[in-house]
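The values are calculated or read from the model by the stated rules, or taken from the named source; none is laboratory data. What you see is a predicted model, and the numbers here were worked out from it, not measured in a lab. Cβ coordinates were reconstructed from backbone atoms using ideal geometry, including for glycine residues, and neighbour counts include every protein chain displayed.
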Amino acid sequence: MVLKKDKTVSSIVVSLVLGLTPGAFAQGIPSLKDTFQKDFGIGTALNPAQFEERDPKTTEFIVRQFNMATPENVMKSALLHPTWDTYTFEMADKLVEFGRKHNLKINGHTLIWHSQLPGFIRGIRSADSIRTFFTDHIKTVAGRYRGKVFSWDVVNEALNEDGTMRKTVFLQHLGEDYVTEAFRLAQEASPNTELYYNDYNNEKPAKRAGCLALIKKIQEAKVRIDGVGIQGHWHVGKVPLKDIEESILQYAALGLKVMITELDIEVLPRNFQGADVSQRMANNAESNPYPDGLPDAVQQQLAADYEALFKLFLKHKDKVTRVTFWGVNDGNSWLNNWPIRGRTNYPLLFDRNNQPKPAFYKVIALKQ
Ligand code: G3I
């Protein structure tokens, strides 16, 4: 008891000395959302176990660290819209209620994506039916959460690496204007919700050029787009800082908010970059090198990478409105199961017990 009291008092003293809000250090561990309160929102991806509040300590931890959240899976069309005329909103409703109850702004993810589509889409052959699905889906889902979510990733991952349009079922049947049309429908269904385009590797020059062209096309059609998400699935020691900075500048020059929407830094071997979920890698003796812990040299590189990234985000805090981590802690990360199942990855700021890693303290120290 006495120890707890002392800890609280010293936390407040430390936070005052560092110029942070006292809340940032309450409970001993600084709070990301409090530390960056004046700079940008701090988000996380959430899964059902978390937003169903199965463990009160986890809830407490999430609510202390984050002020924005994105559903990792439950708002994708395969889960929301399993058959042609059925919607299952139960889990998405719970997520939205979690956000309301704990004061986290929800970013809906995602209305139109070629991946995690309902199985029945494969049986559709006619453009008319795809258009009906596309229109009904956006109207129904965006309409249901009108006024309840802060923002939507309206379209996700519509581009190839060379900046051309990805050949999806939507491009095939609806033509290139489907992206603009998705934003138009989302605006009608949910007029006061921020609307974003979201992709990975769209900080790289060729894909960025395609992304800029796509945004301009939407704007030229006089359709509203509020922001662009750079997902931020990067690799330790190889974070493309110059490309990221150039992208922040170029997207912001179009009048858009810029968000880092799915941040994690992969530390395991990978023979390609990006986050195309259809790509896989073969398992071999070297593919899971750190099952018992991250070597110090890698831990330090990870910390240096996060420090450099947040330094950059702070430099452009007038343009970057949110930084969302793709998972609460290393144990929740999708990177434990992709592109190879069952690896032990360490891509986030908190370890498997929600303890801060060196990278966390480097990030916090930027505000000292
Ligand atoms: O729910 C089923 C479960 O019933 C089944 O037993 C299990 C066996 O495979 O699969 C479970 O579904 C998995 C689902 O995540 C929920 O855990 C899927 O197999 C798995 O493919 C799916 O992965 C998700 C992936 O998107 C799929 O596209 C990841 O969790 C999620 O982190 C990832 O998120 C994407 C973003 O939406 C868009 N950007 C890239 C990012 C990373 O891929």
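Is it fair to say Gln273 is modelled with pLDDT of 95 or more, surrounded by fewer than 18 Cβ atoms within 10 Å (Cβ to Cβ), over 20 Å from Phe66 (Cβ atoms) and not aromatic (Phe, Trp, Tyr)?
On the way: modelled with pLDDT of 95 or more: no; surrounded by fewer than 18 Cβ atoms within 10 Å (Cβ to Cβ): yes; over 20 Å from Phe66 (Cβ atoms): yes; not aromatic (Phe, Trp, Tyr): yes.
When the stated conditions are applied, Gln273 does not pass them.
With respect to the conditions (1) β-branched (Val, Ile, Thr); (2) closer than 18 Å to Ser77 by Cα; (3) more than 16 Å from the ligand (Cβ to nearest atom); (4) surrounded by fewer than 19 Cβ atoms within 10 Å (Cβ to Cβ), Thr164 falls short on a single one, namely (2). One residue alone among Glu53, Glu72 is in contact with a Leu (Cβ under 8 Å, 6 or more places away or on another chain), of a type in the set (D, E, K, R) and touching a residue at least 24 places away in the same chain (Cβ under 8 Å), and that residue is Glu72. Here is a check on your reading of the model: is Lys319 more than 16 Å from the ligand (Cβ to nearest atom), in contact (Cβ under 8 Å) with a residue 40 or more places away in the chain, among the basic types (Lys, Arg) and under 20 Å from Ala365 (Cα atoms)? No: the conditions fail for Lys319. Which members of the stretch 131-148 meet the condition of being within 16 Å of the ligand (Cβ to nearest atom) and over 18 Å from Tyr87 (Cα atoms)? Within the stretch 131-148, none qualify. Scanning the stretch 33-63 for residues that are part of a helix (DSSP H, G or I) and either within 13 Å of the chain's Cα centre (by Cα) or charged (D, E, K, R) (or both) gives Lys33, Asp34, Lys57, Glu60.
Filter the stretch 311-348 down to residues that are more than 29 Å from Leu256 (Cα to Cα), among the β-branched types (Val, Ile, Thr) and out of contact with any Pro (no Cβ under 6 Å at 6 or more places or on another chain), then give me how many there are. Within the stretch 311-348, residues that are more than 29 Å from Leu256 (Cα to Cα), among the β-branched types (Val, Ile, Thr) and out of contact with any Pro (no Cβ under 6 Å at 6 or more places or on another chain) number 1.
Between Ile230, Ile244, Ile265, Ile248, the distinction of being crowded, with 20+ Cβ neighbours inside 10 Å, at pLDDT 95 or above and within 13 Å of the ligand (Cβ to nearest atom) belongs to Ile230 only.
Among the residues of the stretch 295-318, the ones that are under 17 Å from Pro269 (Cβ atoms) and outside any loop (DSSP other than H, G, I, E, B) come to 6 in all.
Checked against (1) under 16 Å from the mean Cα position of the chain (by Cα); (2) assigned to a helix (DSSP H, G or I), Ala182 meets all criteria but (1). Take the residues in the stretch 185-202 that are part of a loop (DSSP other than H, G, I, E, B) and crowded, with 19+ Cβ neighbours inside 10 Å; name whichever of them is nearest to the chain's Cα centre (by Cα). Step by step, filter the stretch 185-202, then rank; the result is Tyr200.
The single condition among (1) modelled with pLDDT of 85 or more; (2) within 16 Å of the ligand (Cβ to nearest atom); (3) under 18 Å from Gly327 (Cβ atoms) that Leu294 does not satisfy is (2).
Would you confirm whether any residue within the stretch 324-338 is over 21 Å from Ala69 (Cα atoms), within 16 Å of the ligand (Cβ to nearest atom) and assigned to a loop (DSSP other than H, G, I, E, B)?
Step one: list which residues in the stretch 324-338 are over 21 Å from Ala69 (Cα atoms), which gives 337-338.
With within 16 Å of the ligand (Cβ to nearest atom) added as a condition, the list becomes 337-338.
Adding the requirement that they be assigned to a loop (DSSP other than H, G, I, E, B) leaves 337-338.
Yes: one or more hits.
Which residue out of Leu111, Leu104, Leu95 is under 23 Å from Arg322 (Cα atoms) and more than 16 Å from the ligand (Cβ to nearest atom)? Give the derivation first.
Values: Leu111 fails: more than 16 Å from the ligand (Cβ to nearest atom); Leu95 fails: more than 16 Å from the ligand (Cβ to nearest atom).
After ruling out the rest, the residue left standing is Leu104.
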